[in-house]
Amino acid sequence: MSDIEDNSDLGFTFRKNKNGEVWISHHGKHITTLRGNAAVDFIVEVDNGSFEDQQQMMARETGNYKHGNERLASLHPRNCR
């Protein structure tokens, strides 16, 4: 594997059940279940995306992603005590 592939795999997987639910797991641990319209919308998006896009979609659905402000928060006055 190249370094690019290593960075694109965030460790998320999903499985669609017979009843239409989508289970999202992170490194083998069940994180969330999508039902109804959320599950349908997720499947449509995932089917149209690349592997990297799928990983990012699952990260967003679970809330497990960086927001981009982590470094800036450390510089905030309330955090510089």
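The values are calculated or read from the model by the stated rules, or taken from the named source; none is laboratory data. None of these values were measured; they are calculated from a predicted model. As a convention, Cβ positions derive from the backbone with ideal geometry for all residues, glycine included, and neighbour counts pool all protein chains shown.
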**Scope segment 46-71; condition part of a helix (DSSP H, G or I), modelled with pLDDT of 90 or more and surrounded by fewer than 13 Cβ atoms within 10 Å (Cβ to Cβ); matching residues** = Asp47, Phe51
**Request:** Looking only at segment 27-43, decide whether some residue is in a loop (DSSP other than H, G, I, E, B) and either modelled with pLDDT under 90 or surrounded by fewer than 10 Cβ atoms within 10 Å (Cβ to Cβ) (or both).
**Result:** yes
